[in-house]
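Novice: There's a structure below that I have some questions on.
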Amino acid sequence: MSKHIQAVRGMNDILPDVTPRWRFLEDTVRKLFDAYGYQEIRMPIVEATELFKRSIGEVTDIVEKEMYTFADRNGDMLTLRPEGTAGCVRAGIQNGLLYNQTQRLWYSGPMFRHERPQKGRYRQFHQIGVETFGLTGPDIDAELILMTARLWKQLGLADAVQLQLNSLGSSEARAAYRAILVDYLRVHHAQLDEDSQRRLESNPLRVLDSKNPAMQELIAAAPKLSDHLDEESRQHFTELCALLDAAGVAYTINPCLVRGLDYYSKTVFEWVTDKLGAQGTVCAGGRFDGLVEQLGGKPTAAMGFAMGIERLVALLEEQTMPLRDYQPHAYFVLLGEQAQREGLLLAERLRDAVPGLRIESHCGGGSFKSQFKKADRSGAALALILGEAECEQHTLGIKPLRAEGEQLQLAQHAAAAWLRDYLEQNQYEQEQSSGSV
RNA sequence: GUGGCUGUAGCUCAGUUGGUUAGAGUCCUGGAUUGUGAUUCCAGUUGUCGAGGGUUCGAGUCCCUUCAGCCACCCCA
């Protein structure tokens with residue numbers, strides 16, 4: 001075993017038994033974004049290290065100890081992207097997408113963080129993200145949340161996730177509150193546990209999120225972020241809540257919801273589940289009105305979110321939701337050299353004549369028995385049979401493998417029409433069990 | 001980065017206080033049925049016991065190191 005080269009720790013192969021769930025999720029998401037007028041953008045996986053330092057924040061865990069950073073052959077410092085927002089903003093600025101215009105963008109792909117692997121957390125993981133630019137009001141915040149709520153319904157996960165909301169206020173208000181909080185925490189420094197003493201330096205707002213029971217009294221008595229919001233942010237948040245109420249989306253306001261990345265301001269939200277162990281956040285985002293300017297663009301309002309594909313796929317697994325199947329409709333059994341040659345070509349003609357038909361052709365010979373066994377394992381509903389007799393008579397055997405019914409022999413020229421009818425008749429059934437939209 | 005648990009066939013797992021040649025199920029292949037698949041029966045293949053070192057006459061079993069997986073902390077999607 002040790003001689004075999006293994007995958008890098010925390011970087012997983014996604015095997016055929018789970019790829020149908022990935023495709024279901026990805027197909028559903030793509031259609032959803034189309035329905036809301038969002039456009040896809042694809043960015044490089046590698047960016048200048050500086051980009052992440054300036055956007056995510058120098059003192060965050062991600063930048064301090066989790067980035068895959070290396071010097072390329074020119075000595076430039078590059079980093080495998082740990083998240084998508086920074087690259088998206090960079091691409092928007094560089095290509096003039098954010099200048100005096102609005103954008104609604106989405107992307108998907110792998111992200112990299114050097115953390116200890118755990119359930120729902122990997123070193124290479126995948127996110128689907130959405131970023132909007134140039135839209136300042138709570139209406140776009142609400143649109144994004146409504147869009148995700150619709151997605152959970154389409155995925156059959158609506159009962160598995162809950163929405164948490166908070167407002168961090170403008171970056172000025174947040175900075176002012178941060179100073180007040182730090183003053184308070186310093187006074188009680190002796191009562192802080194080890195983690196919180198560290199957070200006091202790195203991300204003081206996170207102290208409020210501590211799970212340590214011994215800290216709860218201190219936290220409860222701390223100054224509240226909600227009491228220090230600027231008027232505009234307060235108004236913005238109130239309107240967002242009203243929009244969500246009107247749309248019938250349930251939420252919990254969580255004053256401790258802080259988000260780890262420096263660039264967030266005003267609205268932040270998380271969709272969480274209790275079905276995934278410690279990694280309960282399945283989708284999270286917020287407003288980052290300052291980031292575009294911080295990266296050298298014109299001041300531009302922005303709001304976005306990202307969801308973790310592995311976590312959503314794991315949730316889909318929990319739900320045992322029926323999936324659209326990608327199995328072949330028919331498995332082509334071929335006995336004899338002539339049949340192997342002719343069958344390959346006949347299969348091509350059938351695929352030409354019947355769009356959407358999925359035929360798996362047997363390769364490699366073998367007995368009828370073993371070929372039928374493979375036909376059965378393939379999940380196909382039909383076996384198409386071409387042996388010596390069929391070749392001679394220009395016929396084709398069709399045997400149902402999943403339903404009652406006798407094998408029938410058709411003239412080869414009639415096969416395409418028969419299969420087209422078969423697909424039509426079974427289409428309704430297909431869609432019912434597909435779960436796709 | 002810290003801690004706990006676990007590594008035996010492709011997969012799921014037995015393997016006694018250390019004792020000869022490491023087992024079962026499943027999967028796969030062939031046959032019973034030489035042109036017909038979820039059943040049944042028969043036969044067959046499967047291993048650096050995660051890796052390296054140590055103790056011992058003898059290690060899958062005990063000790064150390066290391067790697068990997070899982071779970072939790074931290075952090076985050």
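Novice: Taking the Cα centre of the stretch A:330-434 as origin, work out the dipole magnitude from +1 charges on Lys and Arg Cβ and -1 charges on Asp and Glu Cβ, in debye rounded to 20.
Specialist: Charge dipole, the stretch A:330-434, about its Cα centre: 340 debye, nearest 20.
Novice: Another question, then. Which one, A:A173, A:Y122, A:L151, projects farthest toward the positive side of the charge dipole computed for the stretch A:108-178 from Cβ point charges (K/R +1, D/E -1)?
Specialist: Final value for the positive-end residue is A:Y122.
Novice: To the nearest 20 Debye, how big is the dipole of chain A about its Cα centre, given +1 on the beta carbon of each Lys and Arg and -1 on that of each Asp and Glu?
Specialist: Value, rounded to 20: 800 debye.
Novice: What is the sum of charges around A:V354, taking Lys and Arg as +1, Asp and Glu as -1, for the other residues whose C-beta is under 15 Å from the C-beta of A:V354?
Specialist: In short, -1.
Novice: What percent does the relative contact order of chain A come to when contacts are Cα pairs within less than 8 Å and at least six residues apart?
Specialist: The value is 16 percent.
Novice: I would also like to ask the following. Relative contact order for the stretch A:312-384: what is it in percent, counting Cα pairs under 8 Å that are at least 6 residues apart?
Specialist: That works out to 46 percent.
Novice: Given springs between every Cα pair under 10 Å in a Gaussian network model of chain A, which of A:Q393, A:Q340, A:Q371 has the largest fluctuation?
Specialist: Maximum among the listed residues: A:Q393.
Novice: Roughly how many debye, to the nearest 20, is the charge dipole of the stretch A:8-163 about its Cα centre, given +1 on each Lys and Arg Cβ, -1 on each Asp and Glu Cβ, and no other charges?
Specialist: For this selection, approximately 340 debye.
Novice: Would you mind telling me the antiparallel percentage of the DSSP bridges in the stretch A:330-434, rounded to 5?
Specialist: Percent antiparallel among DSSP bridges in the stretch A:330-434 is about 50.
Novice: Say we join alpha carbon atoms closer than 10 Å with springs in a Gaussian network model of chain A; which of A:A86, A:A214, A:A314 then has the biggest fluctuation?
Specialist: A:A214
Novice: Tell me, which longest segment in chain A has none of the GluC sites (Glu not before Pro) that fall in DSSP loops with at most 16 further Cβ atoms within 10 Å?
Specialist: The segment A:116-403 is the longest one with no such site.
Novice: Another question about this same structure. Considering the options A:S378, A:A389, A:W418, tell which one lies farthest towards the positive end of the dipole of the stretch A:330-434, charges being +1 on Lys and Arg and -1 on Asp and Glu at the Cβ, about the Cα centre.
Specialist: A:S378
Novice: Still on this structure: Below 8 Å, C-alpha to C-alpha, sequence gap of six or more: please give me the relative contact order for the stretch A:1-140 in percent.
Specialist: Reported relative contact order: 25 percent.
Novice: Also, I was wondering about something else. Which residues in the stretch A:121-148 have a backbone N closer than 19 Å to a point placed 7 Å from the Cα of A:N95 along the Cα-to-Cβ line?
Specialist: Label zone hits: A:127-135.
Novice: Also, I was wondering about something else. Do any of A:K65/A:K211; A:K275/A:K374; A:K53/A:K266; A:K266/A:K298; A:K31/A:K53; A:K153/A:K275 go past 26 Å between their Cα atoms, and which?
Specialist: Check vs 26 Å cut-off fails for A:K275/A:K374; A:K31/A:K53.
Novice: With every protein chain left in place, what is the accessible area per residue of chain A in square angstrom, probe 1.4 Å?
Specialist: Accessible surface, normalised per residue, equals 51 Å².
Novice: OK, next. Pairwise over distinct Cα atoms, reciprocal of the mean inverse distance: report the Kirkwood radius of chain A in Å, one decimal place.
Specialist: It is 25.4 Å.
Novice: For chain A, set up a GNM with springs between Cα atoms under 10 Å and report which of A:I219, A:I14, A:I93 has the largest fluctuation.
Specialist: In the Gaussian network model the winner is A:I14.
Novice: Ignoring ligands, DNA and RNA, what percent of the accessible area of chain A is carbon or sulfur (1.4 Å)?
Specialist: The nonpolar share, carbon plus sulfur, comes to 49 percent.
Novice: Note down, for the stretch A:330-434, the three equivalent ellipsoid semi-axes (square root of 5 times each alpha carbon gyration tensor eigenvalue), biggest first, whole angstrom.
Specialist: After scaling each eigenvalue by five and taking roots: 22, 16, 12 Å.
Novice: Please give me the summed charge of the neighbours of A:D209: other residues whose Cβ is under 12 Å from its Cβ, Lys and Arg +1, Asp and Glu -1.
Specialist: Here the count lands on +2.
Novice: Using only the alpha-carbon atoms of the stretch A:170-220, report the extent along each of the three principal axes, biggest first, to the nearest angstrom.
Specialist: 31, 19, 19
Novice: A further question on this structure: Taking the 0 to 90 degree range and rounding to the nearest ten, how far is the long axis of helix A:231-247 tilted relative to the main principal axis of chain A, both from C-alpha atoms?
Specialist: Long axis of A:231-247 versus the principal axis of chain A: about 30 degrees.
Novice: Report, ordered by chain and residue number, the lysines lying within cross-link reach of A:K373, taken as a straight Cα distance under 22 Å and ignoring same-chain residues fewer than 8 apart.
Specialist: A:K399
Novice: Would you list, by chain and number, the aspartates and glutamates whose Cα falls below 12 Å from the Cα of A:K369, excluding same-chain residues fewer than 8 positions away?
Specialist: none
Novice: Ok, one more. For A:M111, what residues show an amide H to amide H distance below 5 Å, using hydrogens built from the backbone and excluding near sequence neighbours?
Specialist: A:F125, A:H126, A:Q127
Novice: When Lys and Arg each count +1 and Asp and Glu each count -1, what net charge do the other residues less than 14 Å away from A:T252, Cβ to Cβ, add up to?
Specialist: Surrounding charge for A:T252 is -3.
The values are calculated or read from the model by the stated rules, or taken from the named source; none is laboratory data. Because the structure is a prediction, the values reported are computed rather than measured. Note: ideal-geometry Cβ built from the backbone for every residue, glycine included; neighbour counts use all protein chains shown. When the accessible area is computed, the model is the full protein with side chains, heavy atoms only, and any ligands, DNA or RNA have been set aside. Shrake-Rupley method; radii C 1.70, N 1.55, O 1.52, S 1.80 Å.
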